[in-house]
Structures are given as structure tokens and as C-alpha cells.
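Here's the structure, in C-alpha cells; my notes come after.
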Amino acid sequence: MNLVSADQNVLNGLHITFIGAGSIAEALIKGLSETGMSKTAYLHVTNRSNHERLNDLKATYPIIAHSDLRDAVLQADILILCVKPKDVHSVLPLVARHARADALYLSVVAGCSIESMRQMITSVRTDSGDPHIVRTMPNTSCAVRESATAYTMSKSCTTRDQSRVEAILHAVGRTYELTEDLLNAVTGLAGSGPAYVYYFVEALTRAGVDVGLDEATAYALVLQTLYGAAHMLRASNETPATLRKRVTSPGGTTFAGIATLKQHGFETAVRQAVIRATQRAEELGALLDEEVQV
Ligand SMILES: NC(=O)c1ccc[n+]([C@@H]2O[C@H](COP(=O)([O-])OP(=O)(O)OC[C@H]3O[C@@H](n4cnc5c(N)ncnc54)[C@H](OP(=O)(O)O)[C@@H]3O)[C@@H](O)[C@H]2O)c1
């Protein structure tokens, strides 16, 4: 595992194009805009058909919106693929047909392997050699520049590609370079992770209401508890287990609460959720591979 730091100057003057304008694209665009990157690089976005969405993004962020995919792709140095796995097969060859031969492809698509992408690109381009592809898995906390992001580079990538990718990903959170075989696991854990936490917060808030608090107060208490605990975990050198045990005196209230979580299979449920989400990323990847016949 490699926690990288990055020099954002390597993106100066570059054209960075988002293919897809959904949740993860917006999270990345928001995070990058907040770094001030848009003053030194050119951000572009395109989607399939939702013009209203493009107008909203253009009105909110310093970004150039294109309703025509070709216009968005032509001059891009870096193409960030932000479409659903089911759409990659139709959109990537289209993108590759119009892209510069030396463009760097950065994909956030769950389960889509570098080999699948390489085949989709080379099926329409023979002039660009082995395309430079980076497969990455950020999460939506990019929007507040706190994503936990992992990435893998194709063998064809250069150190210049890596410094550019690190500059983009580091701007929106913490970044880890991992081998590709681990990216589905990252998807199940950290890609889907914010939703697990939101779900936990929903449940904890309802529990607060169950024990007599009004919903707004319960939510405010849960939020600050979550924030404080996350801050404590990062600030302290202790493991989560040590921190938990320190506040769990036998016979006390936390002890009773944790025992009830255990009794109801809390840990098993969480572990099964991550395993199933990881499997789902594998299934989606296998479907894509089948389509491309990797
Ligand atoms: N959301 C997350 O938390 C998260 C985290 C990590 C990774 N990811 C990955 O990010 C990818 C996108 O997820 P999302 O949640 O952002 O999806 P989303 O909100 O559904 O957005 C998908 C986008 O793709 C566009 N699109 C579809 N076909 C296209 C085409 N032929 N040409 C151009 N644009 C096209 C759609 O445009 P229209 O609206 O015009 O159809 C839409 O803007 C997925 O592969 C997912 O695995 C998501």
C-alpha cells in the first residue's frame, strides 16, 4: 500500500474531460473545483442526453459542458470515465475513436478491468499503441475532498501519467496504489462504504427517537458522535478495538449496547455486506469481460 502525495502543478494547462455527469462525476468535479484546479487546468464534462444536468453543472462549477461527446473528447489530455458498468461497452469505443492518441484514460467504473478497457479502446484505434489506462475506485466523499481512493495503472503508464493521476486523486482525498486484483474489494469496502455509514447513521437516529429524543436532536447528536469518533480514530495511535474496550466497562451502559449489537449479528451483517458488494463488483466485471471477450 502506498499513500501518495502529489504536486498539482503537473496538471497546469491540461484538458480534463469527464465522460458521464452523474453522482461520482459531480463529487470529483466539486472536489477538484474547490482546490482551485480549474484556474490552471480546463475541466470539461459530457453525458448521454440529460441537458438539464449539464446546465446545472455548468452553472455550479467552473466547467465547460458539451452536449456533443466528440467536442468533449477531442482535445482531452485526461479522460475520466464516469458511466455505469452497463454503459462502458457502448461509450468507451466511441470516446476512443475521437480521443487523442496519447490521452490518458482514468476509469472509476466498478468492476471494469484494465484489460477490458484496453480491448475496447484498441478495437477502434490501432494508432495509439498500448493505451494508458488507470483503473480507480474513489467514493462520493470526493465532494468534500475526503475520498478513500485506490488505483491501479496499466503497464503502459508512465511516471508522468502517475503524477497526473495522483494530482487528481490526491486533490479529492487519500489515495492508495494497489494491485488490480484488490480493486473489487476496495469497491465493496470503500466505494460503497459511505452508504453503509449513512445507513448506520439513519439507524442510530431512529434509535435515538425510539428512546425519546426528537429526530433533529437525535440526528445532531449522532452526527457529532460520528465526527468525534472518526477524529479520535485518526488523532489517536490506538486501535479501534482498544478505544472501544476503554469505554466499555463490564456491566455499564456501553457494555449492554455492544452486547446487544453482538447478539443481533452486527459484525456478521457488516462483513457479509462487504463480501456481497465485492462479489457484485466481480459479477459486473465478469459481465463486461464476457461482452468484450477478454
Ligand atoms: N456513486 C458512487 O458512489 C460511486 C463510487 C465509486 C465509483 N462509482 C462508479 O462510477 C460510475 C458512475 O456512477 P454514478 O453513480 O455517477 O452513475 P450515474 O449517476 O447514473 O451517472 C452516469 C452518467 O453516465 C452518463 N452516460 C451514460 N451513457 C453515456 C454515454 N453513452 N455517453 C456519455 N455519458 C453517458 C449518464 O448520462 P445521462 O444522465 O445523460 O444518461 C450519467 O451522466 C459507475 O460505474 C460506478 O461504478 C460510483
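The values are calculated or read from the model by the stated rules, or taken from the named source; none is laboratory data. Just so we're clear, the structure is a prediction, and the values are computed from it rather than from any experiment. A quick note on method: Cβ atoms are made from the backbone with ideal geometry, for glycine too, and the neighbour counts reach across all protein chains shown. Surface areas here come from the heavy atoms of the whole protein model, side chains and all, with no ligands, DNA or RNA. Shrake-Rupley method; radii C 1.70, N 1.55, O 1.52, S 1.80 Å.
Quick check, is Ala185 in a helix (DSSP H, G or I), at pLDDT 95 or above, open to solvent by less than 90 Å² (accessible area, probe 1.4 Å) and touching a helix residue (DSSP H, G or I) at 6+ places or on another chain (Cβ under 9 Å)?
It is true that Ala185 is in a helix (DSSP H, G or I), at pLDDT 95 or above, open to solvent by less than 90 Å² (accessible area, probe 1.4 Å) and touching a helix residue (DSSP H, G or I) at 6+ places or on another chain (Cβ under 9 Å).
Return only the number of the condition from (1) within 11 Å of the ligand (Cβ to nearest atom); (2) over 17 Å from the mean Cα position of the chain (by Cα); (3) of a type in the set (D, E, K, R) that Asp77 does not satisfy.
Only one criterion in (1) within 11 Å of the ligand (Cβ to nearest atom); (2) over 17 Å from the mean Cα position of the chain (by Cα); (3) of a type in the set (D, E, K, R) is unmet by Asp77, namely (1).
Each row is one residue, and each column tells you yes or no for (1) modelled with pLDDT of 95 or more; (2) under 19 Å from Ala171 (Cα atoms); (3) within 13 Å of the ligand (Cβ to nearest atom); (4) in the same structural domain as Ser113 (by TED's automatic domain parsing).
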{"residue": "Asp7", "(1), (2), (3), (4)": "no, yes, no, yes"}
{"residue": "Ser23", "(1), (2), (3), (4)": "no, yes, yes, yes"}
{"residue": "Leu28", "(1), (2), (3), (4)": "no, yes, yes, yes"}
{"residue": "Thr40", "(1), (2), (3), (4)": "no, yes, no, yes"}
{"residue": "Ile64", "(1), (2), (3), (4)": "yes, no, no, yes"}
{"residue": "Asp71", "(1), (2), (3), (4)": "yes, no, yes, yes"}
{"residue": "Leu81", "(1), (2), (3), (4)": "yes, yes, yes, yes"}
{"residue": "Lys84", "(1), (2), (3), (4)": "no, no, yes, yes"}
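Evaluate the stretch 87-105: report whether one residue or more is in contact (Cβ under 8 Å) with a residue 12 or more places away in the chain, in contact with a Leu (Cβ under 7 Å, 6 or more places away or on another chain), assigned to a loop (DSSP other than H, G, I, E, B) and within 22 Å of Leu288 (Cα to Cα).
Yes, the conditions are met somewhere in the stretch 87-105.
Can you confirm whether Leu11 is surrounded by 21 or more Cβ atoms within 10 Å (Cβ to Cβ), at negative phi and more than 15 Å from the ligand (Cβ to nearest atom)?
yes
Restricting to the stretch 40-84, give me the number of residues that are part of a helix (DSSP H, G or I) and surrounded by fewer than 18 Cβ atoms within 10 Å (Cβ to Cβ).
10
Can you go through Thr205, Thr175 and tell me which one is touching a strand residue (DSSP E or B) at 6+ places or on another chain (Cβ under 8 Å) and open to solvent by less than 70 Å² (accessible area, probe 1.4 Å)? Quick ask: steps written out before the conclusion?
Numbers: Thr205 fails: touching a strand residue (DSSP E or B) at 6+ places or on another chain (Cβ under 8 Å).
Among Thr205, Thr175, only Thr175 is touching a strand residue (DSSP E or B) at 6+ places or on another chain (Cβ under 8 Å) and open to solvent by less than 70 Å² (accessible area, probe 1.4 Å).
Looking only at the stretch 117-128, decide whether some residue is open to solvent by 10 Å² or more (accessible area, probe 1.4 Å) and either within 15 Å of the ligand (Cβ to nearest atom) or outside the structural domain of His15 (by TED's automatic domain parsing) (or both).
Taking the stretch 117-128 as the starting set, the residues that turn out to be open to solvent by 10 Å² or more (accessible area, probe 1.4 Å) are 118-119, 122-128.
With either within 15 Å of the ligand (Cβ to nearest atom) or outside the structural domain of His15 (by TED's automatic domain parsing) (or both) added as a condition, the list becomes 124.
Yes: one or more hits.
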